[in-house]
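First up is the structure itself, then whatever we jot down about it.
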Amino acid sequence: MLEKLPDFIKENGGSKTLIVTDEGVLQAGHAERTLSILEKANCEALVFGGAEENPTNNCVSKCRDFALEAGVDLLIGLGGGSSMDTAKGCNFLLTNGGEMKDYHGYGKATHPMLPFIAVPTTSGTGSECQSYALISDDETHAKMACGDVKALAQVALLDPELTASQPKLVASLTGLDALAHALETAVCLPRNPISNIHSLEAFRLLASSIHSVTNGTASLEDRSNMLLGAAFAGLAIENSMLGAAHACANPLTAFFDVTHGHAVSLMLPHVIRFNRLDPEIDEIYRSYESFIPLVGLRKLDLADWLDTLKDTAGLKSLSEMGIGAADVKRLAGGALHQWTGRFNPCPVGLSDFEAIYSNAISDVVRCV
Ligand SMILES: [Fe+2]
């Protein structure tokens, strides 16, 4: 599939391409292979390998300087969410000037942007299908969601062989995050017929293969299901929103450096148990449960199934990471200020967040 990249570049009028990527992707050899494919097709291209995890305005500005000096007319984001977001951010600055904070929000770019092709090497963020770049402020490290319809990729090239280089833990964490995207968009307040189609298809694909990913036996078909499922989940986010599991996850990352996918995976089962007390939401979850494969001979509900996945992936619990009852108030206070929480189907107040964190810390199965 990666071999089709030159056709997509030509279709989008690219004569000099910048591949934006990161150190890990460089080491895995994906950038070299991409360059070789482009060279054979007489497509001029160069590589910016300085994308960083949680890219900042400074990182994006370096990429912009590189692109400006090279005089490129098409951008490729090759890697995980950080590489794709750096490429999208670079596109804002290169074509519209200023700093990333000028684009915080939606639709603030007034000039046309360069064509952009997203080539994910992980199955998780769904950034390849989203018009937002998540860029951190240089000083505060607060994440700014900078969106514009012009920042959407013209092409999302999904080649499952590119995801084979992910270590098992990374594949598990990104896959569990994609699963959370499918399940949070499925019930969030702005859900709608378009997002519902993508949430359900994402879940069906991800549910069929996530167990193989977490136990390290994923086939190419499993990787294909995960990659397409993550992209559909990205489209579901693009057309709706997330919910309380992401609101709970962000303070765990900010205060305790817990990886995003890990934090979401620990919190999601408890948010599901909280949400399904609402009969309408319970009915949606039940419709999703029909796609959960049998575990042994048992049919599990969503939250219990998610618990088995995080156990199979070998994820540490909150208490194993030294997070305890004394941290609940600070975490709940942080979660209350996360804007994704506002879109949770059931209102989540401070005491609700405290209860959800307390249950996650003591791993209580029933929330309320
Ligand atoms: Fe996420």
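The values are calculated or read from the model by the stated rules, or taken from the named source; none is laboratory data. What you are looking at is a predicted structure, and each value in this text was computed from that prediction instead of being measured. Here the Cβ positions follow ideal geometry from the backbone for every residue, glycine too, while neighbour counts run over all protein chains shown. Protein only, heavy atoms only, side chains kept; ligands, DNA and RNA dropped before computing areas. Shrake-Rupley method; radii C 1.70, N 1.55, O 1.52, S 1.80 Å.
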Can you list the lysines whose alpha carbon sits under 28 Å from that of Lys10, skipping same-chain ones fewer than 8 residues off? Lys40, Lys62, Lys88, Lys150
Charges only on Cβ, +1 for Lys and Arg, -1 for Asp and Glu: so what's the dipole of segment 87-146 about the Cα centre, in debye to the nearest 20? 180 debye
Given charges at Cβ of Lys, Arg, Asp, Glu: the chain dipole, positive-most of Ala186, Leu266, His211: Ala186
So what is the relative contact order for segment 2-160, in percent, with contacts set as C-alpha pairs under 8 Å and at least six apart? 24 percent
Segment 130-230 - percent relative contact order, Cα under 8 Å, separation 6 or more: 26 percent
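Could you size up the charge dipole of segment 1-160 around its Cα centre, putting +1 on the beta carbon of Lys and Arg and -1 on that of Asp and Glu, and report it in debye to the nearest 20? Intermediate results must be reported in sequence, preceding the final value.
On the way: 12 positive and 22 negative charges, 75 e Å.
The calculated dipole for segment 1-160 is roughly 360 debye.
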Residue by residue through segment 153-168, the couplings from Karplus 6.51 cos²θ - 1.76 cosθ + 1.60 with θ = phi - 60°, in Hz, x for Gly and Pro, are 5, 5, 9, 10, 8, 9, 10, x, 5, 5, 8, 5, 7, 5, x, 3
Compute the long axis of helix 220-239 from its Cα atoms, compare it with the longest principal axis of the Cα atoms of the chain, and write down the angle in degrees, 0 to 90, nearest 10. 90 degrees
Any chance you could run the full-extension gain for Lys329 through Gln27? It's 0.36 nm times the residue separation minus the Cα-Cα distance, nm to one decimal. 104.6 nm
On C-alpha positions alone, give me the angle between the axis of helix 302-312 and the longest principal axis of the chain, in degrees, nearest 10. 70 degrees
Set Lys and Arg Cβ to +1 and Asp and Glu Cβ to -1, take the dipole of the chain about its Cα centre, and tell me which of Ile76, Gly98, Leu152 lies farthest positive. Leu152
Give the lysines reachable from Lys316 as a straight Cα distance under 21 Å; neighbours fewer than 8 places away on the same chain don't count. Lys168
Answer in debye to the nearest 20: the dipole magnitude of the chain about its Cα centre, from +1 Lys/Arg and -1 Asp/Glu charges placed on Cβ, is 440 debye
Which percent of the accessible heavy-atom area of the chain goes to carbon and sulfur, probe 1.4 angstrom? 54 percent
Between Glu283 and Glu53, what is the label-point separation in nm under the 7 Å Cα-to-beta-carbon projection? 4.3 nm
